[in-house]
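The values are calculated or read from the model by the stated rules, or taken from the named source; none is laboratory data. A quick note: this is a predicted structure, and the numbers were derived from the prediction, not measured. Ideal geometry is used to build each Cβ from the backbone, glycine not excepted, and the neighbour counts take in all protein chains shown. Please note that ligands, DNA and RNA were not included when accessible areas were found on the heavy atoms of the full protein model with its side chains. Shrake-Rupley method; radii C 1.70, N 1.55, O 1.52, S 1.80 Å.
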Amino acid sequence: MHRKARSTWAISVAIASVGFRGATGAGAQEVVDLPAEDIPLPADFEVVYRLGSADAAARWEEFSSIRSMGFDGAGNLHLLDGPGNGGGGRVVVVDAAGTHVRDFGRVGQGPGEFRAAVQLIVWADGRTAVEDVMHQAYHVFDPTGDFDRMVREVSAGFGITTRPGLRPQRTDAWGLIGRSGRSIVRVDLSSDDVAERNLLEAWTPPGREDQGPRFGDVEDVVGEVWGFEPEVLYDALPAGGVAFADSSAWAIKLADTLGEVSHILRRPLRPLPVTEEIRRTERELRLEARRNQEDAVPAGQQVPPTVQALLDRFRSVHLEAIENMQFFPEVPVIAALRVTWDGNLWVERSTEPGASEPGPIDVLSPEGRYIGTFPAGRLEMPDAFGPDGLAAFLETDEFDVPVVTVRRLPQNVR
């Protein structure tokens, strides 16, 4: 990822990332320059327990497709498991030692029953919310797994609303952090309807300003496909703020509960220029992924011919858009960003498109001090962080059956 010369694109991105009025238009922000050289960290963590696989000893841990997971404050791990591509069918809970506690939820049409459950959110006190795109609502369960209520999505009247990557807030009993376009939003599930408000506006690359909902023909809805657009990556901080990245540079912004950016953390790691070979590889990977993608259909339901024709049309138009996709000139340095239970930042760096191993993961303290880096290929980004250094990793066995491994992180990287 180190290069001798920085392109004008990267220069403009870096300026946008570290300008003293930043994404929120607030006052001065402290820019923290971190070292360029990696300090290697060992990735040999204690295994606390494993769940699943084709050789599972008990029926409850015969997982079919784990879609989402999260820890509560007692170290209980909640798993959203479900058959096929129609969504999760149950939530499985195990304690901090991996002992089965309970299952709750089931496939069905009523409140507390899942039609197409795609995401699980777990608060520290053990309450959970399950996003169900076919219900256009969130099922809320109490800490014992009993159904509490439904929180309805206020639809814009077009399509299905979903908010992938929601993070629970630790300082708000019903609060979540999510993303809408290039805005980071605060989502409130305290009433009968979902309430959402903007927390902050991330930087938007030139030419990508209009990314709101699209209406009209299928071609208008699908729109253009871009490769290597800098994503808005984010996670909730324990004190209530948010850490996020929004450019192609290695730059992490820390914002408070009001969305005001207080610190910008930088490492001088330069983006990888996009070559014709990289464009070709990325296009082929996306075409293969779209061809292999099945359209989500709730379990046990038949698709009417008119709906199937529309799904087929969307697939065809999307494939054509990928064939004609456009590219940004550089591969963003940062591929993923997560915050541990204790507040450390884990920042996964990109690899060259098509690489099979994960990139290096940089670890920073809550105040932005560089701790070290797990070298490339040594460690996947955890799927969930929990208290007392617990971290859950989702893998598959030789039969592609889900396996969850929970490890305990050493004190310095928790």
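Quick notes
- Total residues in the stretch 104-130, condition at pLDDT below 95, open to solvent by less than 10 Å² (accessible area, probe 1.4 Å) and in a strand (DSSP E or B): 2
- Subset of the stretch 61-103 that is at pLDDT 95 or above, of a type outside the set (Ser, Thr, Tyr) and over 25 Å from residue 166 (Cα atoms) - its residue that is surrounded by the fewest Cβ atoms within 10 Å (Cβ to Cβ): 97
- Number of residues in the stretch 184-213 that are small (Gly, Ala, Ser) and at pLDDT below 95: the value is 2.
- The criterion of being free of Cβ contacts under 8 Å to residues at least 60 places away in the same chain, crowded, with 16+ Cβ neighbours inside 10 Å and not in a loop (DSSP other than H, G, I, E, B) holds for residue 279.
- Criterion violated by residue 164 - all others in (1) closer than 18 Å to residue 233 by Cβ; (2) open to solvent by less than 20 Å² (accessible area, probe 1.4 Å); (3) in a loop (DSSP other than H, G, I, E, B) satisfied: (2)
- Condition check for residue 393: on the phi < 0 side of the Ramachandran plot and either of a type in the set (Ser, Thr, Tyr) or at pLDDT below 95 (or both): no
- Among the residues making up the stretch 220-236, those that are out of contact with any Asp or Glu (no Cβ under 9 Å at 6 or more places or on another chain) and either modelled with pLDDT under 75 or farther than 21 Å from residue 316 by Cβ (or both) are 220, 221, 229, 235, 236.
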